[in-house]
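Trainee: Before I ask anything, let me first share the structure, which is written out below as structure tokens.
The values are calculated or read from the model by the stated rules, or taken from the named source; none is laboratory data. Everything quoted here is computed from the prediction, not taken from an experiment. Reconstructed Cβ throughout: ideal geometry from the backbone, glycine too, with neighbour counts over all protein chains shown. With ligands, DNA and RNA removed, areas are computed over all heavy atoms of the protein, side chains included. Shrake-Rupley method; radii C 1.70, N 1.55, O 1.52, S 1.80 Å.
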Amino acid sequence: MILHQFEAKGLSHFSYAVGDKATGEIAIVDPERDINTYIHYAAEHRLKIKYILETHIHADYASGAKELAQKTGAELLLSSYDEGEKFEYKFIHTPIKEGDSYKLGKTRLEVVHTPGHTPEHLSFLVYDEEKSGDQPFAMLSGDFLFIGSVGRPDLLGEEDKLPLAKLLYASVQNKLKNLPDSLEIYPGHGAGSLCGAGMSKASSSTLGEERKYNPYLQELSEQEFIDKLLFVSPPLPDYYFRMKTINSEGPKILDGLPMPAGMTPPEFAEIVYKKETVVDVRHPLSYGGGHIEGSINIGMGDQLGFWGAWFISYDKPIYLVIDDESKLKDNVRDLIRVGYDNIAGYLKPNFSSWANKGNDFDDLPQASVHMLSDFREFGEKLTIVDVRSEGEYSDGHIKGAKHIYLGNIPDRLKELPGKEDAIFCICGGGSRSSLAASILQKHGYDNVYNVFGGMTAWKAAEYPVVMGK
């Protein structure tokens, strides 16, 4: 039997290959958009992709299911429970429903309808018939059941949130009831995803473990379940609604990564003059030392796509400032995973070429935690903006710090002081706060600092923290 988990770390996304070693037939479940991941895996292990399945219409990343099916000739199997819902699959596929099963040699996949995160959501029970044809070995649970949590029910809007929460409760109560404790649970996401709250860092578990420790699998009434579920919903990115539309219509076929053209400093100056979207993916300290005015800094490695989707327009071309051309392919991959097909160019070879040609550039002052402490001690007028998640903030923050989750910064600018006042942006280490500070600079805030080292450095220096909200 084959059961292989793929991880797209920046999105905390898991996809799967499941099948039979003897026949070499596999199915791919919930593929991301860079389909070469699965094509190379199949080629390396001499396997044939027979089926492609999705648990649901995804909101947080662009699906690769349609393109992978076209590329491989595999049959595309998608939920039939989308009919009449807000989001429906609008491209050719085979509709599937609860009770359907699909054979891959001695491995069998059985379809289970598990609505709640979305109306059409499916999970897949995996049977290893060499061991047992009656007891499933694993469940590919998508965004129905996470390790330590369940899927959020509010992706379709406020009016659908309560009905979906009730469906999710029913799915938990009824669809898991007769399954064994030994059942391996393989979810669609891990910690870091916003598709659910309080997920574990573990990539798999057993149903027995989840029955012990998952707070949503305890003995709860429907109202208790709903109250717990809706009380802790994480922030909801605006791009989720756009991504569901993209995935229901079928993302554009790419036929490989759309690599952008390198641009000389004079060519790049033209797009800067036109105020096009410039995303600087360099390390925050490099960005702080010098950057193109109006650019934003997403120097977070594999989280470029996750944070980019919050702040980068889908309707305009994107231009990148990089520090290493060898990383360009990874940068492009991170962006196309969340639906950006319009990466139009990059500054070649790096920012130094821009500065060496005499072009203007801005800087972003970097403050140590000691500098921040000194400013506070001597009574300087300043505002600290903590851009971490609610849980991180509650686990320890600086007294008087204003908590604004990074994704909400553009919508809460009115809560900040005047544009001449000192603002210190802080996060866990300095990357998210650099993005926040770059956004403030873009909006005309002139006296902004990035606290590099963030709360990790603050705590290491043994400065005082406040617990709770």
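Trainee: Stretched out fully, how many nm does the piece from residue 324 to residue 236 gain, at 0.36 nm a residue minus the Cα gap? Write out the running numbers ahead of the final one.
Mentor: On the way: separation 88, 0.36 × 88 = 31.68 nm, distance 3.26 nm.
Gain in length upon complete extension: 28.4 nm.
Trainee: Still on this structure, please answer the following. Show the residues, 5+ positions off or on another chain, whose built amide H is closer than 5 Å to the amide H of residue 48.
Mentor: Under 5 Å from the amide H of residue 48 lie the amide H atoms of 25, 26, each far enough along the sequence or on another chain.
Trainee: So, one more: Taking the Cα centre as origin and putting +1 on Lys and Arg beta-carbons and -1 on Asp and Glu beta-carbons, what dipole magnitude results for the chain, to the nearest 20 debye?
Mentor: Numbers: 49 positive and 68 negative charges, 62 e Å.
Here the size comes out at about 300 debye.
Trainee: Which distance in Å, rounded to a whole number, links the C-alpha centroids of the stretch 15-31 and the stretch 71-133?
Mentor: Cα centres, the stretch 15-31 to the stretch 71-133: 14 Å.
Trainee: Where in the stretch 343-401 are there trypsin sites (Lys or Arg not before Pro) that are in a DSSP coil and have at most 14 other Cβ atoms within 10 angstrom of their Cβ?
Mentor: Details: sites: 357, 376, 381, 388, 399; in loops: 357, 381, 388, 399.
Here the sparse-neighbourhood loop sites are 357, 381, 399.
Trainee: What number, in percent, do you get for the relative contact order of the chain if the mean sequence gap of Cα pairs under 8 Å and at least 6 apart is divided by its residue count?
Mentor: On the way: 983 pairs, mean separation 55.4, N = 469.
For the chain, the relative contact order is 12 percent.
Trainee: Note the full-extension length gain between residue 94 and residue 408 as 0.36 nm times their separation in residues minus their Cα-Cα distance, in nm to one decimal. Walk me through the numbers before you get to the answer.
Mentor: On the way: separation 314, 0.36 × 314 = 113.04 nm, distance 3.94 nm.
Stretched fully, the residue 94-residue 408 segment lengthens by 109.1 nm.
Trainee: Describe numerically, in nm with one decimal, the distance between label points set 7 Å from Cα along Cα→Cβ at residue 46 and at residue 275.
Mentor: 6.1
Trainee: Quick one: which residues, 5 or more positions from residue 58 or on another chain, have an amide H under 5 Å from its amide H? H modelled 1.01 Å from N in the peptide plane, none for Pro or chain starts.
Mentor: For residue 58, no residues qualify.
Trainee: Could you sort 155-167, 62-74 so that the peptide with the highest average Cβ count within 10 Å comes first and the rest follow in order? Walk me through the numbers before you get to the answer.
Mentor: Values: 155-167: 16.6, 62-74: 21.7.
Going from most to least packed, we get 62-74, 155-167.
Trainee: Quick one: go through the stretch 367-397 and flag any residue whose amide nitrogen is under 19 Å from the point 7 Å out along the Cα-to-Cβ line of residue 446.
Mentor: Counting only backbone N, you get 381-383.
Trainee: Sequence gap at least 6, Cα distance under 8 Å: using those rules, report the relative contact order of the stretch 194-312 to the nearest whole percent.
Mentor: Numbers: 54 pairs, mean separation 22.9, N = 119.
Rounded, it is 19 percent for the stretch 194-312.
Trainee: Ok, one more. Express in whole angstrom the spacing between the alpha-carbon centres of the stretch 389-416 and the stretch 230-282.
Mentor: That distance is 25 Å.
Trainee: Also, quick follow-up: Mind listing which GluC sites (Glu not before Pro) in the stretch 371-441 are in a DSSP loop and have 11 or fewer other Cβ atoms within 10 Å? Let's see the in-between values first.
Mentor: Working: sites: 377, 380, 390, 392, 415, 420; in loops: 380, 420.
Answer in residue order: 380, 420.
Trainee: Continuing with this model, one more query. Would you calculate, for the chain, the mean residue ellipticity at 222 nm contributed by helices, counting each DSSP H stretch of 4 or more residues as -39,500 (n - 2.57) and dividing by all residues, to the nearest 500?
Mentor: Numbers: 15 runs with 134 residues, N = 469.
Rounded to the nearest 500, the figure is -8000 deg cm²/dmol.
Trainee: I would also like to ask the following. Leaving out ligands, DNA and RNA, and with a 1.4 Å probe, what % of the accessible surface on the stretch 35-100 is carbon or sulfur? Can you show the working numbers first?
Mentor: Working: 1450 of 3060 Å².
C and S fraction of accessible area: 47 percent.
Trainee: Work from the charge dipole of the stretch 179-239 (Cβ charges, +1 for Lys and Arg, -1 for Asp and Glu, about the Cα centre) and give the residue of 199, 180, 232 farthest towards its positive end.
Mentor: Highest projection toward the positive end goes to 199.
Trainee: In Å², and per residue, what accessible area does the chain have when probed at 1.4 Å with the other protein chains present? List each step's numbers first, then the result.
Mentor: Details: 19800 Å² over 469 residues.
With the other protein chains kept in place, the chain gives 42 Å² per residue.
Trainee: Also, I was wondering about something else. Choose one of 439, 15, 258: the residue whose Cα lies farthest towards the positive end of the charge dipole of the chain (beta-carbon charges +1 Lys, Arg; -1 Asp, Glu; about the Cα centre).
Mentor: Looking along the dipole axis, the top candidate is 258.
Trainee: Past 22 Å, Cα to Cα, is the threshold; run 21/252; 9/442; 21/48; 316/348; 414/459; 244/316 against it and keep the listed order.
Mentor: Values: 21/252 33 Å; 9/442 29 Å; 21/48 10 Å; 316/348 20 Å; 414/459 30 Å; 244/316 19 Å.
The pairs that break the limit, which is 22 Å between Cα atoms, are 21/252; 9/442; 414/459.
Trainee: What is the spin-label model distance, in nm, from residue 459 to residue 221 if the labels are put 7 Å beyond Cα along the C-beta direction?
Mentor: Using points 7 Å along Cα→Cβ, the separation is 3.8 nm.
Trainee: Still on this structure, I have one more. Taking the Cα centre of each part, how many Å lie between the stretch 286-311 and the stretch 141-173?
Mentor: Using only Cα atoms to place each centre, the spacing works out to 33 Å.
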